[in-house]
Amino acid sequence: MDFFIKFLVAAVLAGTPLLFGTVGEIAAEKVGHLNLGVEGMMSIGACAGFMAGYYSDSFLLALLAAFGAGVLSALIYAVLTITFMANQNVTGLTLTIFGVGLSNFIGLYVLSFSESGTLKLPETITAHMRDIHIPGLSDLPVVGELLFSYNPFVYMGIVLALVMQFYLFHTKTGLNVCAIGENPAAADAAGIRVIYWKYVNCLLGGGICGIGGAYCSMIINGGVWISDNVAGLGWIAVALVIFAGWKPGYAIFGSFVFGALRVLKYYMPKEILDLPVAIYDMLPFIITALVLVISSMKKSRSIGLPAGLGVNYYREER
């Protein structure tokens, strides 16, 4: 039983960056913008968050820097696709290449000035990233370890997902946003500020992705800078949007399922299934591909796909 609980806890921790990436991408896709630059936005957020924490000794500044860097990277995408009507797929892919490259370049540049040959976050930062102990609740058997023993990023991600779920489906503004993703021309005719809300949601999504990147550089890597620290999680997050049916609340479950796939190699007894480690490393991406294939075989409306997704809005043609 204890072994299984540890596996579930590890799955939650491994799935947290996917949760941020998925919720951020849902925010953009709900206004009709397929942003394939999640990997790039997470990478830029990972770099900004780590470097801000490294130089400022402030966990809060690190989070703000990661969020702000994600917003700025999403602004590049938003200007090109919303204002200049560039192809969304090409722009997103370019953002990914740019973001990963810029993050690695800055990391290696700063690393070249380090006398120790490594970049490690100060203790004042890592102390804030340790698991939160809630008196009474964290000490409960089973439940305490499963629900009340995580670092601040985990609780932040779950709260963000629930707030985004409420915002999109239970507020007037959120319903207007969903209407934009379905039919921007009709929303525009109804008096909804289409361009404004497209920008707001795309930038908000980028900021959330940036925080997910900070989790990769600050938590997964143990506070030590490593190049390519997002390691393809942004691509999994794009597929998780489909898995979650464009619902942020469902993304909580989906991200933890894929988190379990990521850590399965550490917990699968060899006497049950002895596979090469490379197979386990491939597993999340294989499942990602299957999700995309299965979703393409279904009717788009049955899985919650916004009708206007990926189509630029020309106001003059409405």
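The values are calculated or read from the model by the stated rules, or taken from the named source; none is laboratory data. The structure presented is a predicted model; accordingly, all values stated were derived computationally and were not measured. All Cβ positions, glycine included, derive from the backbone under ideal geometry; neighbour counts span all protein chains shown. All accessible areas refer to the heavy atoms of the entire protein, side chains included, with ligands and DNA or RNA removed. Shrake-Rupley method; radii C 1.70, N 1.55, O 1.52, S 1.80 Å.
General observations
- Inter-label distance, nm, simple model (7 Å from Cα along the C-beta direction), V110/A190: 4.4
- Between the Cα long axis of helix 88-111 and the first principal axis of the chain there is an angle of about 30°, rounded to the nearest 10.
- Of S149, S116, the residue with the largest accessible area leads and the full order is S116, S149 (1.4 Å probe).
- Pairwise centroid distance, computed over Cα atoms, of the stretch 133-159 with the stretch 49-80, Å: 26
- For R315, R262, the ranking by accessible surface with the largest value first comes to R315, R262, using a 1.4 Å probe.
- Accessible-area ranking of W246, W197, W235, largest first, probe 1.4 Å: W235, W197, W246
- Tensor-based shape of the stretch 77-207 (alpha-carbon gyration tensor, a/c under 1.5 rounded, otherwise prolate or oblate): oblate
- Förster-model FRET efficiency, 45 Å R0, C178 and I272, C-beta, rounded to 0.05: 0.50
- Protein accessible area in the chain, 1.4 Å probe - carbon and sulfur %: 70
- Cα long-axis angle, helix 172-182 against the chain (0 to 90 degrees, to the nearest 10): 70
- Whichever aspartates and glutamates have a C-alpha closer than 19 Å to that of K270, once near sequence neighbours (fewer than 8 apart) are set aside: D2, D281
- Maximal additional length on extending the T126-Y155 stretch stands at 8.8 nm, based on 0.36 nm per residue less the C-alpha distance.
- Gyration tensor verdict on the stretch 192-306 (Cα atoms; rounded if a/c is under 1.5, prolate if a/b is larger than b/c, oblate otherwise): oblate
- Residue of P184, P248, P141 that the Gaussian network model of the chain assigns the largest fluctuation, springs spanning Cα pairs under 10 Å: P141
- Relative to the longest principal axis of the Cα atoms of the chain, helix 248-267 runs at roughly 30 degrees.
- Accessible area of the chain divided out per residue, in Å², using a probe of 1.4 angstrom: 46
- The chain - mean residue ellipticity at 222 nm from DSSP helices (-39,500 (n - 2.57) per run, n ≥ 4, rounded to 500): -22000 deg cm²/dmol
- Greater than 19 Å apart at Cα, pairs in K30/K247; K6/K265; K6/K247: K6/K247
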